[in-house]
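The structure appears right after this line, and notes come after that.
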Amino acid sequence: MIRFFERYEAETCQFFDEVISKEGTPRPHYDKMLHRFGQFSVDDIKARREIVNIFFRNQGITFTVYGEEEGVERLFPFDLIPGVVPAHEWQTIEKGLTQRITALNAFLHDIYHGQKILKDKIIPAELILGSQHFRREFIGVNPPLGIYIHVTGSDIIRDGQGNYMVLEDNLRTPSGVSYMLQNRQAMKRAFPVLFDKYKIRPIENYPQELLRTLQEISPVSRREPNVVLLTPGIYNSAYFEHSFLARQMGIELTEGKDLVVNNNKVYTRTTRGLEQVDVIYRRVDDAYLDPLVFRPDSKLGVAGLVNAYRKGNVTLANAIGCGVADDKVIYSFVPQIIKYYLGEDPILENVPTWLASNPADLKYILANLGSLVVKAANESGGYGMLIGPESTIEQQENFAEMIVANPRNYIAQPTISLSRHPSFFNDTELFGCHIDLRPYVLYGKTVTIVPGGLTRVALKRGSLVVNSSQGGGSKDTWVVDE
Amino acid sequence: MLSRVAESLFWMSRYFERAENTARFLDVNFNLLLDLNKITHVENPSYWIALILVTSDKDRFNSIYDEYSARTVTDYLVFNKSNPNSITSCIGLARENARSIIESISSEMWEQVNNLYHYLQNVTPQFVQNDPYGFYKEIKNASHLFQGITDNTFSHNEGWDFIQIAKYLERADNIARLIDVKYHMLLSEAKSQPELVAGSEDIIQWMAVLKSCSALEAFRKVYLSKIDPDNILRFLILDRTFPRSINFSVCAAEDALWRISGSSRHRYVNNADRLIGKLEAELSYTAIEDIFTTGLHNYLADLEQRLVKVGEQVHLTYFAYHSPEIESTDIEEALPFTGIAGGRANWSQAQQHQQQQ
């Protein structure tokens, strides 16, 4: 076996290992990579780690951890061994996500227009109308091209057999794409020879593709629509990403106080007066967008923005009210949604899900709290979660109470044995870490997915949570042509 | 250019310059007391109180400390976080402003602000006490480096002009205050030791003021060794070629303002341009005798007020843009001109911590 891998325990009887097959041999698309890493000594790895760290530090690629002392900025943990997706597997992901996003968009359009799917009783109406992300004010509003979800980042996992499944659809303000881009830059610096050995599909055009998508949804046919990015501000954990994307696209990075609405048009305040804005790529949650409509105490939004949007004078990406479709309860209906709008079978499967709002499921959930993963329907970032096998009796009892009190708000899924990928520990040895993959889907005139994504990895040994807010890290992701 | 970006550039520059000038105030005081150690001791409170008087901070200072000494004044002006004008606060605020426009400035500029910030995090009062000269030199050099980096890595367009306006308005204000330090010293001595006011110690004090503006050598080239108060004041207030004179600074701020608005000597387009033009014209036609007629302290106090007014107009013209046809939809009026642009970020901090998908 090759250096670093000789002591690596893939535990393939328990987990699907991305690199080592059940027979204990490397999968073909990892062959060259293992060979290359086999040529490295521990010092070589440490030297490359240093190159990567310097790159991230100089770029200011840090994130802020909430709940700790204010202003604590950390380097995003990064693992040196990239995840490799062979072209034929990528094709499945690409087709599956395109299908899924197209169907979810059709669903949103329907929910905010005729609500046929509710009338046909495919989904119980109370689940939609009672969702905290359903915005009845937007019924009948027509976003340009009929598109609601311009930028999405679905989380994809692999089960014990290696099947790709969708774990979550993030249809509101998915983050992490800057890490996808920067991880690639860092890897190019640290492992140039390895790049030579693979035909890796490029992802560097993501910012141009994003800008093109945003320009396509402009309400005016001016030659050069004015597109801005709206950030909550420098204390947001994804602020680096906001400024990075604005710089890459060459558009203004604005905060709520930079924008002003007059006569239902949105303008930026500039040193030369007001300039009209056509498209806002907003990274601010619905609830904070406009204090006149949503949370009146919001300091991050723009008063009057929603009316300007309803009048069609400005396009918001993503549209308001998308959260109704990425709610974890609605998630369980996505296979039916695909069938209903497209008449197709889903290409990518869902993770089996029990709904606490359904009495039979509720009974099952309460009886099996110790083995299930329970999630709050409206939380993200790994918050509000109970991981059955890792929880104490007390935590389980706590959750049981919360579930009974508000069943609509909870779902449960089996503890999936997420696939594992060898990752470095102290740059000296490898151990298997759980991973997931978040590709980014752009939806303008067409659906575009840059070949790659953010591979998130649970670097805490044995942990299942890959979110950066919970100590997860990331890897570069290579889609390779064979 | 977004008003917010312009405003952050302005305050980033202004705080950096303020930190440098505070370092100069303190540096000159140490030097002065060492020069004068035959007749007074380093802890002489009248020398330290002057530094607090010119920063108009007497009340806040007195609420924290109960004496004026090298230790307390240094602590207040270098380290104290509740003093927004301490060197540590200024660099923190300069960095905070830079961070909020990190996509607009050059990465070299950011690195320089960031480096100085981290350097200051590790400096202890003991360190400053052991080597005050070395410490203040470090701050001054860091500021010069920042200005040099800015000039050479940042496009000389509108944004650069805002940086210049801020730098020179702050500098003019600080030179006026620095001269005022000397005035306060004179005043306290005239009361206690009248014989000092006219003696050689007086000249030593004036030389210290020149040194703190890095102006001693430049002064000698103009006036040779004729160091008398008239010439020194003429040089620091009215000289048009020395970059740390008030007149030079006002001219430079005026140039930058005019480049932004397109104003010229015979035509102004906004109040900021009008006020700075008026100030510049008056300085150009002022003789040192006019200043003495008004009284030095009164003249400087008036000058400081007028510089504040220019700053207010810059704020109203460019940062707090509000066209009359727009109904007031602002939740919170634009910031008052009290100078804590960096602090403004705090009011929405909690909300910025939204959860991310």
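One table, with the values for the structure above:
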| quantity | calculated |
| --- | --- |
| The range A:186-211, residues that are without any contact (Cβ under 8 Å) to a residue 24 or more places away in the chain and either of a type in the set (Lys, Arg) or in contact with a Ser or Thr (Cβ under 8 Å, 6 or more places away or on another chain) (or both) | A:Lys188 |
| Scan of the range A:185-213 for residues that are among the hydrophobic types (A, V, I, L, M, F, W, C) and in a helix (DSSP H, G or I), ordered by number | A:Ala186, A:Met187, A:Ala190, A:Val193, A:Leu194, A:Phe195, A:Leu210, A:Leu211 |
| Residue match in the range A:145-162 (condition: surrounded by 21 or more Cβ atoms within 10 Å (Cβ to Cβ), among the acidic types (Asp, Glu) and assigned to a loop (DSSP other than H, G, I, E, B)) | no |
| Elements of type helices (runs of 4 or more DSSP H) in the range B:1-74, at least 1 residues being acidic (Asp, Glu) | B:3-35, B:58-64 |
| Set B:Glu280, B:Glu304, B:Glu333: member being of a type in the set (D, E, K, R) and modelled with pLDDT under 50 | B:Glu333 |
| Answer from A:Ala458, A:Ala412, A:Ala400 - the residue that is buried (at least 20 other Cβ atoms within 10 Å of the Cβ) and at pLDDT 90 or above | A:Ala412 |
| Any chance B:Ile163 is at pLDDT 85 or above, within 26 Å of B:Val308 (Cα to Cα) and of a type outside the set (Asp, Glu) | yes |
| Those residues of the range A:253-310 which are acidic (Asp, Glu) and surrounded by 21 or more Cβ atoms within 10 Å (Cβ to Cβ), in sequence order | A:Glu255, A:Asp258, A:Asp278, A:Asp285, A:Asp286, A:Asp290 |
| Test result for A:Lys299, assigned by TED's automatic domain parsing to the domain that holds A:Met249 and at pLDDT 95 or above | no |
| Residue under evaluation A:Asn170, criteria (1) surrounded by fewer than 19 Cβ atoms within 10 Å (Cβ to Cβ); (2) within 14 Å of chain B (Cβ to nearest Cβ), criterion not met | (1) |
| Output for the range A:214-244, where each listed residue is part of a helix (DSSP H, G or I), facing chain B (nearest Cβ under 8 Å) and either of a type outside the set (Ser, Thr, Tyr) or surrounded by fewer than 20 Cβ atoms within 10 Å (Cβ to Cβ) (or both) | A:Phe244 |
| Residue among A:Ser469, A:Ser423, A:Ser463, A:Ser417 that is among the polar types (S, T, N, Q) and either modelled with pLDDT of 90 or more or touching a helix residue (DSSP H, G or I) at 6+ places or on another chain (Cβ under 6 Å) (or both) | A:Ser423 |
| Subset of the range A:382-439 [in contact (Cβ under 8 Å) with a residue 40 or more places away in the chain and at positive phi] | A:Gly382, A:Asp427 |
| Neighbours by Cβ (under 6 Å, 6+ apart or cross-chain): first from the range A:266-280, in contact (Cβ under 8 Å) with a residue 24 or more places away in the chain and more than 19 Å from B:Ser8 (Cα to Cα); second of a type in the set (Ser, Thr, Tyr) and surrounded by fewer than 20 Cβ atoms within 10 Å (Cβ to Cβ) | A:Asp278/A:Ser218; A:Val279/A:Ser218 |
| The one condition in (1) more than 14 Å from chain A (Cβ to nearest Cβ); (2) over 23 Å from A:Thr254 (Cα atoms) that B:Ser13 fails to fulfil | (2) |
| Failed condition for A:Gly323, given (1) at negative phi; (2) among the small types (Gly, Ala, Ser); (3) out of contact with any Ser or Thr (no Cβ under 9 Å at 6 or more places or on another chain) | (3) |
| Answer residue from the range A:265-296, given it is of a type in the set (D, E, K, R) and more than 8 Å from every other protein chain (Cβ to nearest Cβ) and is farthest from A:Ser221 (Cα to Cα) among those | A:Arg295 |
| Condition check for B:Glu158: of a type in the set (Asp, Glu), under 26 Å from A:Leu245 (Cβ atoms) and modelled with pLDDT of 90 or more | yes |
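Matching residues to (1) at pLDDT 95 or above; (2) in contact with an Asp or Glu (Cβ under 8 Å, 6 or more places away or on another chain):
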| position | (1), (2) |
| --- | --- |
| A:Pro124 | no, no |
| A:Ser131 | no, yes |
| A:Arg136 | no, no |
| A:Thr152 | yes, yes |
| A:Asp159 | no, no |
| A:Asn163 | no, yes |
| A:Ser175 | no, yes |
| A:Leu194 | no, no |
| A:Arg201 | yes, yes |
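To keep it simple, each residue is scored yes or no on (1) touching a Phe, Trp or Tyr at 6+ places or on another chain (Cβ under 9 Å); (2) crowded, with 17+ Cβ neighbours inside 10 Å; (3) at pLDDT below 90; (4) assigned by TED's automatic domain parsing to the domain that holds B:Asn97.
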| position | (1), (2), (3), (4) |
| --- | --- |
| B:Tyr299 | yes, yes, no, no |
| B:Val310 | no, yes, no, no |
| B:Gln313 | no, yes, no, no |
| B:Leu316 | yes, no, no, no |
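The values are calculated or read from the model by the stated rules, or taken from the named source; none is laboratory data. None of the values given here were measured: they were computed from a predicted structure. Cβ: placed from backbone, ideal geometry, glycine included. Neighbour counts: every protein chain shown.
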